[in-house]
1. Could you tell me which residue of the range 168-190 is nearest to residue 101 (Cα to Cα), considering only residues that are among the small types (Gly, Ala, Ser) and touching a helix residue (DSSP H, G or I) at 6+ places or on another chain (Cβ under 9 Å)?
2. Being among the aromatic types (Phe, Trp, Tyr), within 29 Å of residue 143 (Cα to Cα) and surrounded by 21 or more Cβ atoms within 10 Å (Cβ to Cβ), is that true of even one residue in the range 285-295?
3. Give the range 264-286 a look and list any residue that's closer than 25 Å to residue 182 by Cα and touching a helix residue (DSSP H, G or I) at 6+ places or on another chain (Cβ under 9 Å), or say none.
4. Condition test on residue 230, is it under 25 Å from residue 182 (Cβ atoms) and hydrophobic (A, V, I, L, M, F, W, C)?
5. Output the residues belonging to the range 106-123 that are assigned to a helix (DSSP H, G or I) and more than 17 Å from residue 152 (Cα to Cα).
6. Taking interchain pairs and intrachain pairs at least six residues apart, which have beta carbon atoms under 8 angstrom, with the first residue in the range 123-136 and closer than 18 Å to residue 149 by Cβ and the second in a strand (DSSP E or B) and not aliphatic (A, V, I, L, M)?
7. Inside the range 140-167, can you point out the residues that are closer than 14 Å to residue 75 by Cβ, in a loop (DSSP other than H, G, I, E, B) and out of contact with any helix residue (DSSP H, G or I) (no Cβ under 9 Å at 6 or more places or on another chain)?
8. Could you please give the count of residues in the range 247-279 that are part of a strand (DSSP E or B) and of a type in the set (Val, Ile, Thr)?
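The values are calculated or read from the model by the stated rules, or taken from the named source; none is laboratory data. As the structure is a prediction and not an experimental result, all values here were calculated from the model. Positions of Cβ are generated from backbone atoms using ideal geometry, with glycine treated the same way; all protein chains shown enter the neighbour counts.
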Amino acid sequence: MNFLFRKAALLMMGAALVLSSCSEDDDQTTNPTEPGPQSLTATLSADARFSVLVDALQRTGLDANLDAGGSYTVFAPTDAAFTDALNALGYADLDALEAGLTTAGLRNVLLYHVLGAEVRAADVSTGYVSSAATNEDGDALSFYIEAGAEVLLNGGATVRETDIEASNGVAHVIDAVILPLSMYELLSLNDNYSSLDAALQAADGDLDATLSGAGAFTLFAPDNAAFQAVIDATPGVSNLTDLVNALGTDGLANVLLYHVTSGIILSEDLPNLSSNTVTTLASDGMGGNFTFDLDLGANETLIIDNNSDTDDAVIVATDVVGTNGAIHFINAVILPE
């Protein structure tokens, strides 16, 4: 899902003179039209809680964007949220933060709090959303919303107030500044992929650190049900720990690397791959790397692995983008041989 966040007239001059000259019947006049909501920039500027955010918007030129037409959602960090962020990052003030990140970097952090559509509180649900921030290739960076008793962004910022109306969108108040995350960090926030997360940590090669570091990568991520299916189909295995022991941490690493490619491949790129073949980071033991094939159907895309005993995996969701790569979600574990 995708999300973003006066008219006044001087009609009352001389009102006292007019009223004094009118009859009681004339006193039953209609009130002037109430002014409508202001732009997001004006709305935030009028609220003392957002002085640092407004300063940052002005420094980066985003105040003009959020003052113009369009439809946006802004997750607005308070001044206290910025103070906490500055302390955590080791910057004395906004000047130092801008100098450290550059103005362009600060602008991208602010855009990470903006969605390109109006999303009200009633429409928020758990899942990944694409922000207005981008990576170096211009791909929209994702963040994760957990909608429970409280609404959390990237596991760290809590929504404290919702649906502050503006003429060009809506603002929600949050208590922390959110920063763009790596693909592994985004994955680890989602409980539906806790088995994959645990496997990445258990495997040889520090794969969790690799997928948190410099990229770029594309990860085809199986969910917990996919791992449970492998556990159920493996003799003598009853849980993930047994599966790790059965494969060995080196074998597990190669299975997991079979789900990873070098470079960012978005869903729009899949039809353009040569022979619909994807080269993975899993070693074939002969100096090369295992591949898998794609079957691009009209209604779904299948991954066909190198093991005839396994079912094809269906790509069920696409294009979650972190700072170092992209994630597509699949419903089965694929095997290199």
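1. The initial filter retains those residues of the range 168-190 that are among the small types (Gly, Ala, Ser), namely 169, 171, 176, 182, 188.
Checking which are touching a helix residue (DSSP H, G or I) at 6+ places or on another chain (Cβ under 9 Å) leaves us with 169, 171, 176, 188.
Values: 169: 28, 171: 25, 176: 18, 188: 26 Å.
Only one residue tops the list, namely 176.
2. At the first step, the residues of the range 285-295 found to be among the aromatic types (Phe, Trp, Tyr) are 290, 292.
Add one more test, that the residue is within 29 Å of residue 143 (Cα to Cα), and what stays is 292.
Of the ones still in play, those that are also surrounded by 21 or more Cβ atoms within 10 Å (Cβ to Cβ) are 292.
Within the range 285-295, one or more residues are among the aromatic types (Phe, Trp, Tyr), within 29 Å of residue 143 (Cα to Cα) and surrounded by 21 or more Cβ atoms within 10 Å (Cβ to Cβ).
3. Residues of the range 264-286 that are closer than 25 Å to residue 182 by Cα, as a first pass: 264-270, 273, 278-283.
Once the filter is applied, which keeps residues that are closer than 25 Å to residue 182 by Cα and touching a helix residue (DSSP H, G or I) at 6+ places or on another chain (Cβ under 9 Å), the range 264-286 yields 270, 278, 280, 281, 282, 283.
4. Numbers: under 25 Å from residue 182 (Cβ atoms): no; hydrophobic (A, V, I, L, M, F, W, C): yes.
Taking the combined requirement at face value, the residue does not satisfy it.
5. From the range 106-123, those assigned to a helix (DSSP H, G or I) are 106-111, 121-123; that's our starting set.
Selection gives 106, 107, 108, 109, 110, 111.
6. 126/146; 127/144
7. Those that are closer than 14 Å to residue 75 by Cβ, in a loop (DSSP other than H, G, I, E, B) and out of contact with any helix residue (DSSP H, G or I) (no Cβ under 9 Å at 6 or more places or on another chain): 150, 156.
8. Step one: of the range 247-279, the residues part of a strand (DSSP E or B) are 260-262, 277-279.
From what's left, of a type in the set (Val, Ile, Thr): 260-261, 277-279.
Result for the range 247-279: 5.
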